There are 4 protein chains.
Amino acid sequence: MSTAFTLKFACDDRPGIVSRVTTGLAAIGCNIQEASHFNDQLTGRFFCRLAFTVPAGVTETTVRENVSDGLTQLAATWSVTGDRSRMRVLIMASKLDHCLADLLYRWRIGELPMDVVGVVSNHPREVYQHIDLSDVPFHHLPVTKENKPEQEAKLLAIVDEYEVDLVVLARYMQILSDELSASLAGRCINIHHSFLPGFKGAKPYHQAYERGVKLIGATAHYVTGDLDEGPIIAQDVEPVTHRDTPEQLVRKGRDIERRVLARAVRHHLESRVLLNGRTTVVFPD
Amino acid sequence: MSTAFTLKFACDDRPGIVSRVTTGLAAIGCNIQEASHFNDQLTGRFFCRLAFTVPAGVTETTVRENVSDGLTQLAATWSVTGDRSRMRVLIMASKLDHCLADLLYRWRIGELPMDVVGVVSNHPREVYQHIDLSDVPFHHLPVTKENKPEQEAKLLAIVDEYEVDLVVLARYMQILSDELSASLAGRCINIHHSFLPGFKGAKPYHQAYERGVKLIGATAHYVTGDLDEGPIIAQDVEPVTHRDTPEQLVRKGRDIERRVLARAVRHHLESRVLLNGRTTVVFPD
Amino acid sequence: MSTAFTLKFACDDRPGIVSRVTTGLAAIGCNIQEASHFNDQLTGRFFCRLAFTVPAGVTETTVRENVSDGLTQLAATWSVTGDRSRMRVLIMASKLDHCLADLLYRWRIGELPMDVVGVVSNHPREVYQHIDLSDVPFHHLPVTKENKPEQEAKLLAIVDEYEVDLVVLARYMQILSDELSASLAGRCINIHHSFLPGFKGAKPYHQAYERGVKLIGATAHYVTGDLDEGPIIAQDVEPVTHRDTPEQLVRKGRDIERRVLARAVRHHLESRVLLNGRTTVVFPD
Amino acid sequence: MSTAFTLKFACDDRPGIVSRVTTGLAAIGCNIQEASHFNDQLTGRFFCRLAFTVPAGVTETTVRENVSDGLTQLAATWSVTGDRSRMRVLIMASKLDHCLADLLYRWRIGELPMDVVGVVSNHPREVYQHIDLSDVPFHHLPVTKENKPEQEAKLLAIVDEYEVDLVVLARYMQILSDELSASLAGRCINIHHSFLPGFKGAKPYHQAYERGVKLIGATAHYVTGDLDEGPIIAQDVEPVTHRDTPEQLVRKGRDIERRVLARAVRHHLESRVLLNGRTTVVFPD
């Protein structure tokens, strides 16, 4: 059986990029299964994702060596991932656990190709008694104004110890410090319970109720130091009416949040998301 | 054949409202075809819309007299409309005419139960040469910083002369003065080309592009002096991707704008919209 | 604190129905919180749902007595439920447990106002090891061609013993016999993994793939003897593309199925669904 | 200013296809603006669309010669189109003209890159008095059981005379004969007013009403001899409720039909649609 790899890269656009890279891959017998390109004509940047199989015996090192020269000449940012290596994911949650429960469910049935290496919460484990956490390390890090720097240091230690590739804030209700946000840049996804840029900050469903909008939504984005301003990965909405109280918006919102977060996580795990300044390129699955 | 009427009212909630009003209607043989209620438990206000047929010979006056006492005792705000009287509508447009063309089309095929009594534009009639305006009075009111008060006075004169019930800003790109907004309160609908409260003001599709949102939308709302802050009547969105340039967002947006505006206008024409503070109650069709 | 009740009824349309019923309710101090009416002009049937609070001391018996005469004269089909009595629900599942896990989650967080009195599966309990079933009686009823009548008899015994109000087929992959379907009429909801009437029967996602549709869906309906033909309660869809293999349709479908089934169950639990021949009236929440 | 071309092709999959074709294009200085690939792993077919600019002086002939050898060796089906050549489109309509009016509007504002070379109807021109047809040849071809072969011959003569690239059945209510369908294979798009495969044939909105579905839809597909069975290009749906009479479904359906048809036509005009057996590959815009 052949192995599959994914190469993603971004560089300044010029003629011949695709030819150069695919010729290198063809030379070692790679067969492209899925190719996605995006030529940003407003910025002149070129984005590409190639998923391909290789013949038996071709290793990840061989693949890297094969494309490295060409991509270096293009001054590209690039990465190669093999489908046998799964990202190591740390999930952070607070009291509301619908996103946590949903991610764990999708992981257990094999929908999300990741290893869940831990769950962090500012609430104790008993809060999640109906969720099966038996085989997942659980870290209780209660946060107060005083101990926040200390707890964030512990969090970073966990990230290091477990070699975490991705931190998912699954309705984690504490705001990360600028320093922590910076050190997790590009590898930390948050779900915000509004259709950004509307209703940033606290209690977005109450804000939506006050304004009388006819749709509510959720937004998954990379975390940056700028609250609720990070590059957006996925968004979705559902219709609401005048009959919906803030409590009903919260209920309807749960369904939107969990599916938007799961979509963003899957796209990240499958190397489908590339940063483009303040925005993202998301190659569809 | 029986005649149909629509009664809508709002009052403070208390036991017995529906009983009182429907008993009055039953007494003169009215048969309720469609009833919608909304009890706003957060404000204590009660909203109701009743569509009903009456036996031959029962006039609008009789209907009014029959419900008047009860509604007065409830200190209700109320109105009765007969299905034989159609609202008189003035449409205002600028260069982009997709909403204008769409409203006129829906009117001509009988989808929107209104009389279009005029079209106002800050551009000359020639701009709309492919739209059939033959039987609709056209008013060219070019607006400059200097003549704005004067042109708004002319507009109000048109509203008076033609006994206009509803002014529709169909991508009319001039901002109404606070005075004009106030004098048209509750009878002027605007379409804003974003999913409010995101991207207020100018060039919302360019703002959406800059922010990298994954859905774009449109919002129909009553005009108030507070720009893009009026009570929302209808909203809708469509997915977009990183491939969409601002120009493509504009193209996709046209489809959203015209259907959202048409929906809001239809709901207003059918007396389905009631104001509830800064928001609306919209009884579905 | 006042108690809340829900009255739903259906009868032939005639003038004065609402007046008669609401006057009866007003007489004992009921305050209507939510009223939904539907006058089916094509069949002449009238459908109504009233949710109301009553003063302290007014019992369910008093409410029933108060509306009984009027509704009997109208030859109405009717029922009254108090918000303190919750429906007793039996969930049936097979190997795929996403709908089961989702219903149990919504129940545990209080989103679905029901008592789960049991889970029935044709697979053993070990299959669901990651789902917390600790406090829910589990019944393993493996079905073969030979033992089907016998197992269905056991199922009916469980329904009787636990006084089950609603049976939910949460991707239960056995077809119920006509007799069982008949005896559960109006109190058994199934989720079919296609947008009916397209792709009835087995392997609907593979059928959808073969046909090349651009949207896939799911349908929740009451079970009747006529397979996949029962009255539809809820449906939803999601876009798919040529890239989606049958396996990916299955994955995308899981999300649609669980939210459509949960919506149908909630609407049933809240007495929002009334049968209208082969179709349903669903009063929105 | 550079010229833009689009190359689309399909062939059996093997390693090196993209490399071979893009190397050929790079050799003459082409710069890929948009590339879409699809590797159908279930059938082993590879589908590709490349949009690219060429340096001044490079002609369509040069482009063709440059890729021809490689594509011939791949036994590919392929075509090249330049953005300066627009498809010549014939629109066919019956009494309901919402799709006709919509396509003409989109054409006039430059949204659809086509030349409308004629309108054919089985109704006389007066039916469309509010649509501006002044500069579009109009052909009245009334169809009866007796004259159908004769009128279809006239239609084919019009297709030949005007060198029609695409025939759009914009709610044209006559069924084309098998012979005509065959001779227009791959260049005739129909809009069917249901979410196929549900509700084929006549009066789909009435069928939808009878069945009590909770969403209605529309389907744009290539015409084949097998009625309503041709490869699907685009579909969409909207929610409906028990309140919607067949007439209201027709009204809501108009909005769906016109946007689905316009989307399919645009995708065809931009060479985004490739046939894949009974289904289509549609590369997104």
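The values are calculated or read from the model by the stated rules, or taken from the named source; none is laboratory data. These numbers were taken from a predicted model, which means no experiment stands behind them. Every residue, glycine among them, receives a Cβ derived from its backbone with ideal geometry; neighbour counts consider all protein chains shown. Heavy atoms of the whole protein, side chains included, go into the accessibility calculation; ligands, DNA and RNA do not. Shrake-Rupley method; radii C 1.70, N 1.55, O 1.52, S 1.80 Å.
Miscellaneous remarks
- Qualifying residue in region D:59-76 (condition: open to solvent by 10 Å² or more (accessible area, probe 1.4 Å), within 10 Å of chain A (Cβ to nearest Cβ) and out of contact with any strand residue (DSSP E or B) (no Cβ under 7 Å at 6 or more places or on another chain)): no
- Count - residues of region B:122-172 that are basic (Lys, Arg), open to solvent by 30 Å² or more (accessible area, probe 1.4 Å) and in contact (Cβ under 8 Å) with a residue 12 or more places away in the chain: 3
- Test: residue in region B:78-88 that is within 14 Å of chain C (Cβ to nearest Cβ), within 21 Å of the chain's Cα centre (by Cα), open to solvent by 10 Å² or more (accessible area, probe 1.4 Å) and at pLDDT below 90: no
Conditions tested, residue by residue: (1) touching a residue at least 40 places away in the same chain (Cβ under 8 Å); (2) under 25 Å from A:VAL54 (Cα atoms).
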position: D:ILE17; (1), (2): yes, yes
position: D:GLY29; (1), (2): no, no
position: D:GLN33; (1), (2): no, no
position: D:THR53; (1), (2): yes, no
position: D:SER68; (1), (2): no, no
position: D:TRP78; (1), (2): yes, no
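- Counting only residues that are hydroxyl-bearing (Ser, Thr, Tyr) and either modelled with pLDDT under 95 or over 20 Å from B:THR245 (Cβ atoms) (or both), region A:232-285 holds 3 of them.
- Criterion (open to solvent by less than 40 Å² (accessible area, probe 1.4 Å), in a strand (DSSP E or B) and either of a type in the set (Ser, Thr, Tyr) or more than 19 Å from D:VAL18 (Cβ to Cβ) (or both)) met by exactly one of A:THR22, A:THR53: A:THR53
- Of C:ALA218, C:ALA234, all but one fail to be farther than 22 Å from C:ASN147 by Cα, among the hydrophobic types (A, V, I, L, M, F, W, C), open to solvent by less than 10 Å² (accessible area, probe 1.4 Å) and touching an Asp or Glu at 6+ places or on another chain (Cβ under 6 Å); the exception is C:ALA218.
- Test: residue in region D:244-253 that is open to solvent by less than 40 Å² (accessible area, probe 1.4 Å) and either among the small types (Gly, Ala, Ser) or under 26 Å from D:LEU42 (Cβ atoms) (or both): yes
- Qualifying residue in region D:264-279 (condition: open to solvent by 30 Å² or more (accessible area, probe 1.4 Å), at positive phi and not charged (D, E, K, R)): yes
- Only one of A:PHE199, A:PHE195 that is on the phi > 0 side of the Ramachandran plot and among the hydrophobic types (A, V, I, L, M, F, W, C): A:PHE199
- Number of the condition not met by B:THR224 [criteria: (1) modelled with pLDDT of 95 or more; (2) within 14 Å of the chain's Cα centre (by Cα); (3) open to solvent by 30 Å² or more (accessible area, probe 1.4 Å)]: (1)
- From the options C:ILE189, C:ILE175, residue that is open to solvent by 30 Å² or more (accessible area, probe 1.4 Å) and either assigned to a loop (DSSP other than H, G, I, E, B) or touching a helix residue (DSSP H, G or I) at 6+ places or on another chain (Cβ under 8 Å) (or both): C:ILE175
- Among the residues of region D:80-97, just one is among the charged types (D, E, K, R) and part of a strand (DSSP E or B), namely D:ARG88.
- Of the residues making up region B:35-48, those that are more than 9 Å from chain C (Cβ to nearest Cβ), assigned to a strand (DSSP E or B) and either among the polar types (S, T, N, Q) or surrounded by fewer than 21 Cβ atoms within 10 Å (Cβ to Cβ) (or both) are B:ASP40, B:ARG45.
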